[in-house]
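Comments concern the structure below.
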Amino acid sequence: MAITPSHTALESLAKEVDRAMAEVRALDEGARGKAIALQRAIEAFHKAGLTTIIQRLKADPRGKELLFDLVDDPLVYALFAMHGLVRLDLATRVTQVLEMVRPFMQSHGGDVELVEVRDETVFVRLHGACNGCSMSAVTLREGVEEALLSQIPELRGVEVLPDQPGPGLILPEAIGVRGASAETGWTRGPRVEEVPPGTMFTLHAGTVEALIVNLDHRLSAFRNACAHQGRPLDGGLLDPDAGTLTCPWHGFCFDASSGECFTAPQAQLERFPLRVEEGVIWVRLEG
Ligand code: FES
């Protein structure tokens, strides 16, 4: 896939911002405070100007069309996302809210895992102290639901799926036909040697598709849907040297191990649990 000029420009601009921010962080406290105040004032100025441009474009049908085209440009999308002027997709926003509550849950011996977002309903699995019927477990569960529903009003609900043993405790015989077990949600994938380092493999299971990525013998599995507009990523460019996966549609660039997005830092690929057993890759696609 050809890297678009916009994508190239975005990368070098982002590096420049990172470099300048690293220098600001190294300043003494007084100078750092002044530099950050200046940064915030400039950002507020830009945000106000961009908001006016967006409002004016939206008010005109031709402008609206142009605006939608512009948002497809990674540079423009990243700029709008940086100022909170585009709405990220639902799964990304759910992930962000869960990341906000996770430190609190972990400090109380619990954790939360996002299983999927379907029909405006979030399916999560809770671990550790969140299980059981003690007062603290109930409070942690309610905390997750409340955070999600209050931060993302269009959600219809939050379903807590039963906890299950960790991957190491699942016996091979518990995993059934098609390689998928209704009880465990694990789907049998290819053998490890079918996904050599530096390659990807698309795993189809019903309506769900996972992209298995082998980056220098580190295997990861993601939903085969870009965090930008949900389009398939399997035609993308995997760069083993840079450790990146670039979407073929509009050039969003992701960390091929973690799914973190370099183009729009708020976006993130949805990751599936993966394990290898007797040379076979298993991916948990279902709750
Ligand atoms: S960059 Fe737009 S769908 Fe991937």
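The values are calculated or read from the model by the stated rules, or taken from the named source; none is laboratory data. In this text, all values refer to a predicted model and were calculated from it rather than measured experimentally. For neighbour counting, all protein chains shown are included, and Cβ atoms are generated from backbone atoms with ideal geometry for every residue, glycine included. SASA here: full protein model, heavy atoms, side chains in, ligands and nucleic acids out. Shrake-Rupley method; radii C 1.70, N 1.55, O 1.52, S 1.80 Å.
Stretching residue 146 away from residue 36 to a fully extended chain increases their span by 36.3 nm, per 0.36 nm per residue minus the current alpha-carbon distance.
Applying 1/(1 + (r/R0)^6) with R0 = 45 Å to the Cβ-Cβ distance of residue 51 and residue 119 gives a FRET efficiency near 0.90. Converting phi to 3J(HN,Hα) with the Karplus coefficients 6.51, -1.76 and 1.60 and the offset θ = phi - 60°, segment 115-128 yields 8, 6, 10, 9, 6, 6, 10, 9, 10, 10, 10, 10, 10, x Hz in sequence order, with x at every glycine or proline. For segment 90-161, the fraction of 1.4 Å probe accessible surface lying on carbon and sulfur atoms is 54 percent.
Backbone amide hydrogens, once placed in the peptide plane, bring residue 110 within less than 5 Å of 129, excluding anything fewer than 5 places away on its chain. Note that segment 5-82 presents 72 Å² accessible area per residue, ligands and nucleic acids not counted, probe 1.4 Å. Look at where the Cα atoms of segment 259-275 and of segment 72-89 average out, and the two centres are 16 Å apart. A cut-off of 5 Å between modelled amide H atoms, ignoring neighbours fewer than 5 places along the same chain, links residue 199 with 214.
Ordered from largest to smallest accessible area (heavy atoms of protein chains, 1.4 Å probe), the residues 281, 42, 36 come out as 42, 36, 281. Rolling a 1.4 Å probe across the protein heavy atoms gives segment 90-161 an accessible surface of 51 Å² per residue. Counted over segment 90-161, the DSSP beta bridges are approximately 60% antiparallel.
Note that segment 251-261 has calculated 3J(HN,Hα) couplings of x, 5, 10, 10, 5, 6, 9, 9, x, 5, 9 Hz, one per residue in order, obtained from phi through the Karplus relation 6.51 cos²θ - 1.76 cosθ + 1.60 (θ = phi - 60°); glycine and proline are x.
Counted by Cβ distance under 12 Å from residue 200, the other residues give a net charge of -4, where Lys and Arg count +1 and Asp and Glu count -1.
For segment 175-284, the solvent-accessible area of protein heavy atoms averages 43 Å² per residue (probe radius 1.4 Å; ligands and nucleic acids excluded).
The tail of the calculated P(r) for segment 90-161 beyond 14 Å holds 52 percent of all Cα-Cα pairs. Could you work out, for segment 37-135, what percent of all Cα-Cα pairs fall into each 5 Å distance bin, beginning at 0 Å and stopping at the bin that holds the largest distance? Spelled out bin by bin, segment 37-135 gives 2, 10, 14, 15, 12, 13, 10, 10, 6, 5, 2, 0 percent. Remark on residue 272: its backbone amide H falls under 5 Å from those of 221, 222, 223, a criterion applied only to residues 5 or more positions apart or on other chains, H modelled at 1.01 Å from N. Entry note, segment 5-82: relative contact order of 35 percent, from Cα contacts under 8 Å with a spacing of 6+ residues.
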